[in-house]
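**Student:** Take a look at this one; I'll ask things after.
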C-alpha cells in the first residue's frame with residue numbers, strides 16, 4: 001500500500017526519559033511548537049514524528065511517573081538516542097535518572113547515544129533567562145506565568161526557592177557513570193562536554209541545540225539501518241506473514 | 001432500567017446507585033445505603049425532621065411532594081400520578097403499592113442488610129449497635145470540630161451555593177471560608193489515613209482532616225460495622241470503602257446518598273483505571289502506609305475532570321452513553337472503516353467527536369464474553385478530555401477498564417484525526433503491549449479511508465439537536481434512555497438528550513436543571529420507595545419522570561403545562577424518538593474479529609479489503 005505510509009515510517013527513534021515534572025513534554029513542545037505552555041502530566045507515552053531533512057525521526061515523550069514504568073522498556077526498544085532529563089533545581093531528579101531510568105535503557109540500540117539534560121535552567125542561570133528563539137517570545141510572557149505542576153515531596157520543598165541543586169559537573173559525572181553502566185569506553189564515546197546540556201523549555205534556551213545536535217549525531221545510525229534493510233518494506237511484510245508478528249513489529253522501529 | 005419495582009430495596013439500591021458493579025457481588029458498603037438514614041433517626045419525630053431538612057433545598061421547590069414526604073409512607077402519595085396511570089397501562093404498578101409496604105419492608109430490609117454487613121453479629125444487636133456507633137461518630141465529628149450540625153464546624157458549615165467548579169483548586173487555602181463552601185468535596189485516603197486526593201486544596205494540608213475521617217471509619221469498623229453516611233442540615237457525608245482505599249464525599253448538593261456513592265465509585269474506578277485493583281492491593285499488602293500519591297501524582301487533573309463531568313454530564317447519573325446524533329448511513333460507513341482497520345489483539349475501536357461517541361466496534365469474542373460497560377466508556381472519555389497533552393502526537397498508554405477487568409491493563413492508542421482542531425478522536429484498545437506500531441498503522445488506514453470518504457467534514461457538520469425539532473411546545477428538555485434497543489443482547493446502554501437551551505443556557509441554570517433531574521432520579525430509584533412515575537411542579541418548571549420496562553424518561557416542561565398537556569407531549573416525544581431512533585442511537589454495534597491473520601495487519605487498508613474473518617480465538621488478556 002500506500003506510499004504514504006512507507007514514507008512515514010520512522011528511520012530512527014529518540015526517547016525522552018526522566019522523573020516527573022522535570023519538563024520532558026515542555027522541552028519537546030518548545031522544540032516542535034516553539035512555545036512553552038502549562039502541560040498536563042503525560043499519560044503513558046506520546047509518539048511524534050519529526051522530519052529532519054530526508055529522514056523521519058520518531059520521538060517518544062514518556063511519562064515520568066512510576067506508574068508507567070512497565071512500558072518504559074517498550075518505549076526505549078531500538079532507540080538510537082535517549083535524552084535523560086533532570087531538573088537543575090532538584091537533586092533528586094538527577095538521582096532518579098540513575099536509580100530508575102537507566103535500567104529502562106537496556107532495550108535501546110547498542111550504539112545508542114545518551115544525552116543528560118538539565119532543564120529549568122532559567123530558574124538558576126541568568127543567561128538562560130534570555131530566550132534563544134525570537135519567534136516564540138511573545139507567547140512566553142503570557143503563558144508561562146506559573147510552573148504549577150503538581151509538586152510532590154522533595155520538589156515542593158525545593159523548587160519554590162529554586163537554588164541550583166545540580167551542577168553541570170554532577171551531570172557530567174552521571175554521564176560517565178552511564179557509559180560505564182553501558183560498558184562503553186569513555187574514549188571511544190561522545191565526550192561528556194558535548195552530551196550534557198542545560199536547557200530551559202520556558203525560554204527556549206539551548207532547546208534547539210539539544211535536539212539538533214542529537215539528530216545530527218543519530219544520522220549515521222539512520223544510514224546504517226537503511227543499508228541493513230535495503231529491501232526493507234518487503235522484509236517486514238514477509239516476517240509478519242511468517243507469524244512472528246511481534247518481532248516484525250519491533251524491527252520496524 | 002428494566003427492573004421490577006417490587007424488587008427488594010437492597011437489590012435496587014445496588015443496581016442504581018452502584019450501576020457499574022452489577023456483575024460483582026455487591027460490596028457490603030454499597031449494599032446498605034439507605035440504612036444509615038433510618039438508624040440515625042430511629043424515632044419518628046427525628047426522622048421526620050431529617051426528612052424535612054432534606055426536602056427543603058432552596059432550589060428544589062417541592063410543592064405537594066414535600067407534604068407527602070412528611071407524611072412518611074402513611075399515605076400513598078399518588079394523587080398527582082393517578083391520571084397518568086390510567087393513561088398508560090404499564091404504569092399501573094405505581095408508587096402506591098410500594099409505599100404502603102415500605103414501612104414494614106424497610107425494617108426487614110434493614111435487618112437483611114445488617115446481616116450482610118456484620119455477618120457475625122446477630123441482627124438486633126448490630127442494628128442498634130450501628131445506631132449507637134453512628135451517633136458516636138456524629139458526636140466525635142462535632143468534638144473534632146468537623147461538627148455535623150455544630151455552627152463551629154469548619155468543614156461542614158457552609159452555604160449551599162456552588163462555586164465555579166471548572167478550574168484547578170489545588171493551591172486553595174483549606175482554612176478559608178470559600179473552601180468550606182464548595183458544593184461537593186471528595187477525598188480519597190488510604191486505610192492508614194494517608195491522604196491520596198482532595199478535590200479542593202492540597203491533600204497535605206488536609207492530612208489532619210483526613211485523619212479524622214479515617215478515625216471515624218476505623219472506630220465504626222472496630223465494632224464490626226461500617227460507616228456509610230452522616231447527615232446534617234446542610235451536608236451529606238458519604239463514605240465508601242473499597243479495598244485499601246477510603247473515599248469520602250461531603251456534599252451540599254442535595255443529591256441522594258446512592259447518587260453520591262455512585263459518584264465516589266466512579267472516582268474509585270478512575271483510580272483503578274490508572275493503577276489496576278490488583279496492583280493497589282498488592283502495594284498496600286506490602287506496605288500498609290504506602291503513599292499512593294507517588295503513583296497517582298500527575299493524575300489529579302484526571303480526577304478533577306471526572307468530578308466536574310460527574311456534576312455537569314447526566315451520562316454518569318443515567319449510567320448510559322450519550323452518542324452524537326448522526327445519519328445512520330454515515331455512522332455505518334464510519335463503523336465499516338473501523339471494522340476494516342484491524343490488527344491482531346485489537347479489541348475495541350472507538351471514534352469520538354466533541355466528547356460524544358460516534359461509533360464503537362468491538363472484537364467479536366470480547367462482546368460474546370463481556371460487554372463494554374458505560375462506566376468504562378465514561379472513564380475513557382474523561383481520560384481523553386482531561387488530558388490536553390493528547391492533542392499532539394499519538395499516545396500509547398496502559399489503561400485498565402475496571403468493569404471489564406479491574407486487574408489488567410489494556411493498551412490504549414489515542415490520536416486526534418483532525419489536528420489542530422482536535423475534535424475527532426480515535427481510540428484503539430489492544431491487549432498487546434508491544435502493538436503500538438501495528439495499531440498506529442490501523443490509524444493510518446482509518447485516516448486514509450476517512451479522507452477518501454470525506455468523513456471528517458461530514459462529522460464536523462453533525463451536532464446535537466434542539467428540542468424544538470421534536471415539535472412539542474412546552475417541552476424544554478428531556479433525557480431518554482431506552483432499554484429495548486434492538487440487538488440489545490450485550491448492547492451498550494445509551495441515552496439521548498437535546499442541547500440545553502434557554503432558559504438553561506447559563507452554567508447556573510444548567511446545573512439547576514441537572515439538580516432537578518438528579519432529584520427526580522433519586523425519587524425514581526429510591527431504595528425505600530421507588531417510583532414509576534413522578535410529576536413534579538417546581539418553581540420555574542414542571543418535570544415528569546417515568547420509568548417503564550422499555551425506557552427511562554425525564555422531561556422538563558414550562559411551568560404552566562397541565563398534566564394532560566404533558567402526557568400528550570410525552571406521547572408525541574416518544575413517537576418522535578421512535579422515528580429518529582436510527583439517528584439518535586448506535587443501533588447495531590458492529591463487530592470484527594482480530595484473529596491473528598498477519599496478511600491483514602501488515603497489508604494495506606484499501607477499501608476493497610475483506611471483512612473480518614471468523615476463525616480462531618482471541619488471546620485476550
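All of the numbers you see were taken from the coordinates with simple rules; none came from a lab. Source: prediction; values computed, not measured. Here the Cβ is made from the backbone with ideal geometry for all residues, glycine too, and neighbour counts use every protein chain on show.
**Student:** Over the Cα atoms of the range B:226-274, how large are the radius of gyration and the largest Cα-Cα distance (Dmax), in Å?
**Tutor:** 10.9, 36
**Student:** How shielded is A:46-55 by partner chains, expressed as the average number of their Cβ atoms within 10 Å of its Cβ atoms? Don't jump to the answer; show the numbers that get you there.
**Tutor:** Numbers: counts 12, 10, 3, 3, 0, 0, 0, 0, 0, 0.
Mean partner-chain Cβ count within 10 Å for A:46-55: 3.
**Student:** Using every alpha carbon pair in the range B:326-463, what percent of pairs falls into each 10 Å bin from 0 up to the bin containing the largest distance?
**Tutor:** So the P(r) values, bin by bin, are 12, 46, 36, 6.
**Student:** Here's something else I'd like to know. What is the packing order of peptides B:565-576, B:295-306, taking the mean over residues of other C-beta atoms within 10 Å and listing the highest first?
**Tutor:** Listed from highest to lowest mean packing, they are B:295-306, B:565-576.
**Student:** Please give the average number of partner chain Cβ atoms lying within 10 Å of the Cβ of each residue in B:438-446, rounded to a whole number.
**Tutor:** Other-chain Cβ atoms within 10 Å of each residue's Cβ, averaged: 3.
**Student:** Take the alpha carbon atoms of the range A:38-92, find their center, do the same for the range B:396-417, and report the distance between the two centers in whole angstrom.
**Tutor:** Answer, in whole Å: 19.
**Student:** So, by mean Cβ neighbours within 10 angstrom, what's the order for B:346-354, A:167-175 with the highest one leading? Intermediate values should be presented prior to the final figure.
**Tutor:** On the way: B:346-354: 23.9, A:167-175: 17.8.
The packing order, highest mean first, is B:346-354, A:167-175.
**Student:** Continuing with the same structure: With an 8 Å Cα cut-off and a minimum separation of 6 or more residues, compute the relative contact order for the range B:428-558 in percent.
**Tutor:** Across the range B:428-558, relative contact order equals 23 percent.
**Student:** Just need log10 I(q)/I(0) for the range B:418-527 at q = 0.11, 0.22 Å⁻¹, Debye formula, equal scatterers on the alpha-carbon atoms, no solvent, rounded to two decimals.
**Tutor:** Debye output, listed in q order: -0.66, -1.22.
**Student:** Applying a 10 Å radius around every beta-carbon, put A:16-22, A:83-89 in order of their mean neighbour count, most first.
**Tutor:** Those peptides, ordered most packed to least, come out A:83-89, A:16-22.
**Student:** Other chains near A:35-42: what is the mean number of their Cβ atoms within 10 Å of each residue's Cβ?
**Tutor:** The shielding value for this peptide is 4.
**Student:** Taking 0.36 nm per intervening residue step and subtracting the Cα-Cα distance, what contour gain separates residue B:329 from residue B:288 on full extension?
**Tutor:** Net length gain for the segment: 9.3 nm.
**Student:** In whole angstrom, note down how far apart the Cα centers of the range B:515-573 and the range B:199-249 are.
**Tutor:** The two parts, judged by their Cα centres, are 34 Å apart.
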